Structures are given as structure tokens and as C-alpha cells.
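Notes follow the structure.
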Amino acid sequence: MLRLALPKGRIMEESLPLLKNIGIMPEEEFFAKSTRKLEFNTNLPELKIIVVRAFDVCKFVENNAADIAICGLDVLEEFNDTLNICKLKNLDIGHCRLSFAKKNGHNPQGSILNIATKYPNIVSKYLENTGFEANIIKLNGAIECAASLGLCDMICDLVSSGRTLKENNMTEKLSILNVTSYLVASKTSLRIKNKLINDFVNKFN
Ligand code: PRP
């Protein structure tokens, strides 16, 4: 049996047509708005789907709770410390970028900038590499609001259409990561369930 982790939200929306194209359909209850279930059968007897939060995908795969997953490069870069995850295929969905942005007209007063982000590991690595000093404020959401309300001088967050920045009176300043979603697998599952995983990956070719 293979367990595939799908992140809620935009990646899920783009993953379902991709799965449908290769003949994979979750059971009907998956689509029921009222369902509280998180694990679903599919039309393939050997494949189950679990629905997880985007930022938790790596945890599930690293610990072999899921054998495979669809995961944004942003999450892989931020959370994949244990190296038990292997990228199998760039699925060319979930296109966006991780960028620094600033509130229009804001001029920082202090010498050290405050940067709000959901990605403290990526941002601190970037700062280390560039020799730039800043305080990182870790938030879990509403990042753009933090800038409008003066909680930070800059933000570092995903930009897709640019609409969120525009509607919050902000401007993108510097993009540091181009993001797409990957099919990934736990290295342990790859060893133990090699044929099942290879057959699954080959469906995408
Ligand atoms: C992401 C990101 C931005 C927004 C950018 O949030 O954090 O807020 O999308 O997209 P745009 O450029 O098309 O406006 P998401 O909607 O994934 O929700 P989240 O804040 O809960 O992560």
C-alpha cells in the first residue's frame, strides 16, 4: 500500500487534475465539503490519500507516515533537515516565488531591519550568505498585515499573482526562490516499496 500526502490549499487544487489525468480519483467522500475525514481511499486499491497542512508535509514523509507526497519547494527548503526525503519529479504546478516585499512609503528607522516571515530557516540562510543583518519575526500567516501594522520593516513570503501584495499596499523588492511543487518520497519507503513508487512515478511520464 502507498500513502500519498496532499497539502490543503492551492497545491491540492492543482494536484487533483494532474492525478485525474493519470487515472487516479479519490473516493467520493473526499469531495464532500462537510467531511472531517483526513484519509481517503482512491480508485486504485494500493493507493490512499491523506490531506495535511502544507507546512507539515515533510514531517509526514520524513517519519514514513506518508510514503510519497506533493510538496512545494518552499516547504522542502524550509523543513527538510533530516535528508530522508527524495525529490522524484518536478510536477510543474504551484508556480510562485519567495520574495522580500516592503510596505509602500515605509522607511525603516533602525539600523537592523525586522523581517516577518513563515520561512525563518530560508531567510536566515539567505541573510548569512549575503552578510546582511536583520531580526527575523516568525509568523504563521497574515504576513502582509504585519507590515501594514508596523510589526516589521519587510516581509518574506510567497508571491503568486501579486494580488495580496497589491491589496495590502506593498511592493515586491527581491525574489530569492522560484517555487514549483515536487513529487517526493521517503527514502525508507523508496527502499521498501520501490516497485510501487516507481510504477506511480512512471504514470506521470
Ligand atoms: C500565500 C502567501 C500570500 C499569497 C500570495 O498565502 O502567503 O499571502 O498566497 O498569493 P498572490 O500573490 O496570488 O496574492 P496562501 O493563500 O497560500 O495562504 P496562507 O497565508 O494561509 O499560507
Exercise. For helix 120-130, report the angle its Cα long axis makes with the longest principal axis of the Cα atoms of the chain; keep it between 0 and 90° and round to the nearest 10°.
Key: 60 degrees
Quiz item: Where does each of 89-99, 161-171, 183-193 land if you order them by average Cβ count within 10 Å, highest first?
Solution: 183-193, 89-99, 161-171
Practice problem: Keeping the other protein chains in place, figure out the carbon and sulfur percent of the accessible area of region 77-176, with a 1.4 Å probe. | Solution: 47 percent
Quiz item: Nearest 0.05, what FRET efficiency do Lys89 and Leu149 give at R0 = 35 Å with Cβ-Cβ as r?
Solution: 0.30
Quiz item: Between region 100-175 and region 32-65, what is the C-alpha centre distance in whole Å?
Solution: 32 Å
Quiz item: Using Cα atoms only, what is the angle between the long axis of helix 10-21 and the major principal axis of the chain, expressed in degrees (0 to 90) to the nearest 10?
Solution: 30 degrees
Self-check item: Cα-derived Rg over Rh, computed across the chain with Rh taken as Kirkwood radius
Solution: 1.03
Quiz prompt | Those trypsin sites (Lys or Arg not before Pro) in region 1-88 that DSSP places in a loop and that have at most 10 other beta carbons within 10 Å | solution = Lys33, Arg36
Quiz item: For the chain, which longest stretch is free of loop sites, where a loop site is one of the chymotrypsin sites (Phe, Trp or Tyr not before Pro) that DSSP puts outside H, G, I, E and B and that has at most 15 other Cβ atoms within 10 Å?
Solution: 1-131
Quiz item: Per residue, what accessible area does region 121-205 have, given a 1.4 Å probe and all protein chains present, in Å²?
Solution: 58 Å²
Quiz prompt | Chain lengthening between Ile22 and Asn194 when straightened (0.36 nm per residue, less Cα-Cα) | solution = 60.0 nm
Practice problem: May I ask what percent, to the nearest 5, of DSSP beta bridges between residues of region 58-205 are antiparallel? | Solution: 75 percent
Quiz item: Which of the GluC sites (Glu not before Pro) found in region 101-156 are in a DSSP loop and have at most 12 neighbouring Cβ atoms, other than their own, within 10 Å?
Solution: Glu133
Quiz item: To the nearest 0.05, what FRET efficiency results for Asn202 and Thr180 with a Förster distance of 22 Å applied to their C-beta separation?
Solution: 0.65
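The values are calculated or read from the model by the stated rules, or taken from the named source; none is laboratory data. Keep in mind that what you see is a predicted model, and the values were worked out from it rather than measured. Note that we place each Cβ from the backbone using ideal geometry, even for glycine, and neighbour counts take in every protein chain shown. Please note that ligands, DNA and RNA were not included when accessible areas were found on the heavy atoms of the full protein model with its side chains. Shrake-Rupley method; radii C 1.70, N 1.55, O 1.52, S 1.80 Å.
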